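Visitor: Structure incoming, see below.
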Amino acid sequence: MVEVFASILAANVLDLAREVIKAEELGVNGLHVDIMDGHYVCNFGFGPQFIHSLKRLTSLPVEAHLEVEHGDSFVDLFIGCGSDIITLHPESCRKLEESLQKIKKSGVKSGLAVSPRLSLDLVDRYLSLVDRLLIMTVPPGFGGQRLCENTLPVIAEAKLRINKLGLQVTVAADGGINLDNVLRVIESGADTLVMGTALFQNPNVGKLMELIKGSSGQSVPGK
Ligand code: DX5
Ligand code: ZN
C-alpha cells in the first residue's frame, strides 16, 4: 500500500495549523519537514522548534529531511525535538555510520537521501542501517520543481538492490510528484510519495489522493 507524506514546505506558513488538519483530512500517512541551512542548498526551511510544535498538534509521524551541511552535527537536536524519522544526505555527513546507529538506538527511524546527480553506490553499504531510502526526484532545495524523469529508474534500481539484500527498507520519492506523473512514480516502485505543491496548492487534490489510494487498494477517508 503506497503511503503519502505531505511536504510542509508548500503549505501556507501563515496558516500552518489549518494546513496540517487539511493534510490529516486528506488521509496522508505522515508529514515531511525540510530542514535547510542556506549552505547545503540555497534556501531556508524549518527547524527543530517547528517539529516540536508540530508533534503537539498532530499524531501523524513527522520526518525531518536534513538538507544541511554536516548533517551529523544535528542528529541529537532532531532526535530531541521528537522527529519520528530523520533523513540524512550521505555526502553531507562525516560520521554517517555512527549517526545512523545513534538514530536507530534512540528509537527514531533512519533515512538516507539520494540526490538526482548522485549514485546509489553511495548508500549501498549503509542499507542495513536504514528504514527509508529517499530518492530525490528533483534537485534538493525547493518545492514546486519539475520531476526529473531520469530518477524513475533509480527508484526501480533501489527496490531491486533492497530486495536482493532481503532488507525491510522502504523507498520514498521526493519532489515534483503530481497528477500527471504519480502513477509512473508508483509503477517505478515507490512505497512512499512525498508531495508538497500537489497537496497544498492544488484544487484537484481529492482526485490525486483517490488515484493514489485506488492504485494501492486503500480507501480515501470521507469518501
Ligand atoms: C525539496 C524538498 C521536497 C519538496 C517537495 O528540496 O526535499 O520535500 O518540498 O515539494 P514538491 O512536491 O512541491 O516538489
Ligand atoms: Zn524533502
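Visitor: Hey, among 43, 12, which residue is surrounded by fewer than 16 Cβ atoms within 10 Å (Cβ to Cβ), under 25 Å from residue 182 (Cβ atoms) and within 16 Å of ligand 2 (Cβ to nearest atom)?
Guide: When all the criteria are applied, what remains is 43.
Visitor: Also: Which of the numbered conditions does residue 158 fail, given that it passes all the others? Conditions: (1) closer than 25 Å to residue 75 by Cα; (2) not in a helix (DSSP H, G or I).
Guide: Single failed check for residue 158: (2).
Visitor: When both residues are 6+ apart or on different chains and their Cβ atoms are under 6 Å apart, which pairs have a first residue that lies in the range 34-48 and is under 16 Å from residue 12 (Cα atoms), and a second that is within 11 Å of ligand 2 (Cβ to nearest atom) and outside any strand (DSSP E or B)?
Guide: 34/9; 34/45
Visitor: Does residue 75 qualify as being more than 14 Å from ligand 2 (Cβ to nearest atom) and surrounded by 15 or more Cβ atoms within 10 Å (Cβ to Cβ)? Step through it out loud before you land on a result.
Guide: Details: more than 14 Å from ligand 2 (Cβ to nearest atom): yes; surrounded by 15 or more Cβ atoms within 10 Å (Cβ to Cβ): yes.
So residue 75 fits the description; yes.
Visitor: For the range 67-82, give me the residue count where each residue is in contact with an Asp or Glu (Cβ under 7 Å, 6 or more places away or on another chain) and either closer than 18 Å to residue 54 by Cα or not charged (D, E, K, R) (or both).
Guide: Quick first cut of the range 67-82, residues in contact with an Asp or Glu (Cβ under 7 Å, 6 or more places away or on another chain) only: 67-69.
Now narrow it down to the ones that are either closer than 18 Å to residue 54 by Cα or not charged (D, E, K, R) (or both): 68.
Of the residues in the range 67-82, 1 are in contact with an Asp or Glu (Cβ under 7 Å, 6 or more places away or on another chain) and either closer than 18 Å to residue 54 by Cα or not charged (D, E, K, R) (or both).
Visitor: I would also like to ask the following. Could you please find all residues in the range 75-102 being within 16 Å of ligand 1 (Cβ to nearest atom) and closer than 14 Å to residue 35 by Cα?
Guide: 78, 83, 85, 86, 87, 88, 89, 92
Visitor: Could you tell me whether any residue of the range 79-89 is touching a helix residue (DSSP H, G or I) at 6+ places or on another chain (Cβ under 8 Å), farther than 23 Å from residue 171 by Cβ and aliphatic (A, V, I, L, M)?
Guide: Here is the first cut: in the range 79-89, the residues touching a helix residue (DSSP H, G or I) at 6+ places or on another chain (Cβ under 8 Å) are 79-83, 86, 88-89.
Checking the rest, the ones that are also farther than 23 Å from residue 171 by Cβ come to 79-82.
Retained after the next criterion (residues that are aliphatic (A, V, I, L, M)): 79.
For the range 79-89, residues touching a helix residue (DSSP H, G or I) at 6+ places or on another chain (Cβ under 8 Å), farther than 23 Å from residue 171 by Cβ and aliphatic (A, V, I, L, M): present.
Visitor: Let me ask you something else. Which residue out of 137, 151 is over 14 Å from the mean Cα position of the chain (by Cα), farther than 25 Å from residue 21 by Cα and within 14 Å of ligand 2 (Cβ to nearest atom)?
Guide: Numbers: 137 fails: over 14 Å from the mean Cα position of the chain (by Cα).
None of the other options fit; the residue is 151.
Visitor: Which members of the range 116-143 meet the condition of being surrounded by 21 or more Cβ atoms within 10 Å (Cβ to Cβ) and of a type in the set (S, T, N, Q)?
Guide: Hit for the range 116-143 is 137, nothing else.
Read-outs: derived from the displayed coordinates by stated rules, not from any lab. Keep in mind the model is a prediction, meaning the values are calculated, not measured. Cβ coordinates were reconstructed from backbone atoms using ideal geometry, including for glycine residues, and neighbour counts include every protein chain displayed.
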